[in-house]
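S.K.: This structure is in structure tokens; I'll ask about it shortly.
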Amino acid sequence: MDMLLSGAQMLMRLDVMVALLIGSIGGVVIGAIPGVGPAVAIAILLPATFAMPPLVGLTMLLGIYGSSMFGGSLPAILINTPGTAVNALTTYDGHPMTKKGEALRALGLAYGASFFGGIASIIALILLSPVLAKIAPMFGSREIFLAALLGIVLVILAHRGQTFAAGMLAAFGIFLQTVGLEPVKYTMRFTFGFDFLNSGFDLIVVVLGLFALSQAFLLLIEPESAPHAQRIEGSMGRAMMGVLRHKRVAGFAASCGVMMGMIPGVGEFTAQFLSYTYAQKTSKTPEEFGKGSPEGLIASEAANNAVPAAAMIPLLALGIPGEALTAMMLSVFYVHNVIPGPQLFQNKLDFVYALYIAMILLNIIVVLFMLVSSNWLLKIIQIPTRFLGMMILVLSFVGVYSLRNSIVDCAIAAAFGVLGLILKRQNLPIVPIVLGMVLGGIMETKLRSSMARVHVPIDFFDRPIAAILGLAICGLLIAHFASLYRERQNREPEGAHDHDMHDSFTR
């Protein structure tokens with residue numbers, strides 16, 4: 001309890017509260033603009049947060065991360081265009097409700113479910129923090145290396161149908177991290193005589209290129225659009241209370257969000273589809289799903305808003321980001337010499353609690369803002385896409401240049417922007433590159449420090465947590481290849497059957 005009160009006191013500073021307010025409301029606005037999303041906004045803001053105290057910078061980024069999904073539900077429901085990628089499932093039932101004339105009810109359920117999921121997950125994690133503080137010191141170099149490797153494996157396997165491409169892109173990210181001065185013997189690697197590669201590829205430059213600049217290029221080359229939506233009339237507060245009629249679905253969805261958020265590489269999509277499937281299987285009216293089901297809408301929104309708080313657990317406890325946004329936040333920790341990991345939970349538990357309380361406050365701020373601003377946000381939806389693209393382009397280059405006052409960084413960011421554009425046009429994932437860069441550095445450092453105590457390969461797994469992580473990695477890989485084998489076996493009889501049908505027809 002003392003630590004909880006200490007964390008609350010850390011937040012009671014004017015600069016922290018202003019950052020939280022800006023992040024919360026700014027995240028809603030960014031989420032409401034189709035085609036932008038929190039990754040672009042966080043990438044642009046990262047250079048500015050380096051000059052702020054760590055708690056101020058992180059609360060601003062957390063505000064954007066946690067509140068963007070609230071804003072993203074607005075265009076998803078009203079114009080069938082998700083504001084952020086994770087609001088795609090919201091369109092399944094949200095927009096059909098709008099077409100039935102229930103736009104107010106749909107928005108109210110989405111906001112209410114988002115608030116319920118966010119608050120429930122943070123309370124669960126505050127209760128779990130003492131347990132995590134006891135478990136975290138049990139992670140040594142070997143365990144953190146294996147946890148990072150597990151994160152890479154999960155990220156790759158999460159891209160079902162694109163695992164080979166995701167694996168290659170993750171390997172490319174790991175390679176990018178090795179360029180420049182290596183951290184143990186201080187020798188140059190893969191610089192090929194170019195001086196500008198001596199310091200390696202800066203993560204922020206790469207992130208700004210892959211996310212922000214690629215999105216700007218995409219908006220600039222696509223046809224101009226400025227969608228329109230009808231005004232919302234009625235009491236939003238009463239509509240939000242409709243979530244209480246579906247407490248079972250909201251509770252399960254929030255639980256899915258917490259569990260999936262704590263696993264690196266899994267994230268919102270898995271939590272959403274698990275909770276959506278559960279809601280449909282247990283519903284009295286499963287035929288309404290996809291046609292305007294309140295339960296489907298609640299399952300989607302409660303699950304995706306429960307993930308951000310939970311995603312902070314592997315970041316804070318082990319220093320391992322689960323996806324691109326927490327990977328960007330990790331750089332803020334490092335800049336201020338606040339190193340996430342076991343020592344953070346032991347020595348700075350009040351700092352961890354401060355972040356959790358900040359997330360509770362951001363949910364409250366966002367709900368109050370959404371109660372009065374939905375019609376105002378409709379104007380944000382209507383911003384022309386090419387104007388947005390140009391704004392993102394300018395802000396991104398300003399952010400890159402401000403890092404080291406380097407034109408070379410701008411050129412590198414532009415190159416990664418073109419790469420990101422190509423990947424997006426080919427529907428290939430970008431996240432594995434960023435996580436490969438972040439987790440690759442962690443894996444290399446921890447592997448090299450742990451090898452001094454490893455004499456034979458089995459020594460690597462001679463502690464309980466290391467053995468569990470090793471078995472989890474092997475189990476996941478075996479299960480994945482077994483599923484691929486079964487799919488291949490199922491396709492072969494179908495192919496043989498089609499061939500027999502063709503032969504009988506030709507005869």
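The values are calculated or read from the model by the stated rules, or taken from the named source; none is laboratory data. Since this is a predicted model, take the numbers as computed values, not measurements. Quick reminder, even Gly has a Cβ in these numbers, built from the backbone with ideal geometry, and neighbours come from all protein chains shown. Accessible surface is based on the protein model in full, side chains and every heavy atom, while ligands, DNA and RNA are left aside. Shrake-Rupley method; radii C 1.70, N 1.55, O 1.52, S 1.80 Å.
S.K.: Taking interchain pairs and intrachain pairs at least six residues apart, which have beta carbon atoms under 8 angstrom, with the first residue in the range 282-295 and farther than 19 Å from Leu244 by Cβ and the second loosely packed, with under 14 Cβ neighbours inside 10 Å?
M.R.: Listed by first residue and then by second, the contacts come to Gly292/Lys99; Gly292/Lys100.
S.K.: Residues in the range 188-195: is at least one touching a Ser or Thr at 6+ places or on another chain (Cβ under 9 Å) and either farther than 23 Å from Lys446 by Cα or surrounded by fewer than 18 Cβ atoms within 10 Å (Cβ to Cβ) (or both)? If you could, list the steps in order and put the result at the bottom.
M.R.: Narrowing the range 188-195 to residues touching a Ser or Thr at 6+ places or on another chain (Cβ under 9 Å): 189-190.
Restricting the remaining residues to those that are either farther than 23 Å from Lys446 by Cα or surrounded by fewer than 18 Cβ atoms within 10 Å (Cβ to Cβ) (or both) gives 189-190.
Within the range 188-195, one or more residues are touching a Ser or Thr at 6+ places or on another chain (Cβ under 9 Å) and either farther than 23 Å from Lys446 by Cα or surrounded by fewer than 18 Cβ atoms within 10 Å (Cβ to Cβ) (or both).
S.K.: Then there's this: Identify, please: which residue in the range 54-113 is charged (D, E, K, R) and open to solvent by 10 Å² or more (accessible area, probe 1.4 Å) and is, among those, nearest to the chain's Cα centre (by Cα)?
M.R.: Among them, the one singled out is Arg105.
S.K.: Go through the range 308-427 and tell me which helices (runs of 4 or more DSSP H), entirely inside it, have 2 or more residues that are surrounded by fewer than 21 Cβ atoms within 10 Å (Cβ to Cβ) and of a type in the set (D, E, K, R).
M.R.: Working: elements: 324-335, 342-347, 349-381, 385-404, 407-425.
Hits in the range 308-427: 349-381, 385-404, 407-425.
S.K.: Let me ask something else. Given the structure, is Thr91 out of contact with any Leu (no Cβ under 9 Å at 6 or more places or on another chain) and under 23 Å from Gly209 (Cβ atoms)?
M.R.: no
S.K.: What residue, of Val28, Val56, is farther than 23 Å from Leu315 by Cα and either aromatic (Phe, Trp, Tyr) or at pLDDT 80 or above (or both)?
M.R.: Being farther than 23 Å from Leu315 by Cα and either aromatic (Phe, Trp, Tyr) or at pLDDT 80 or above (or both) holds for just one of Val28, Val56, which is Val28.
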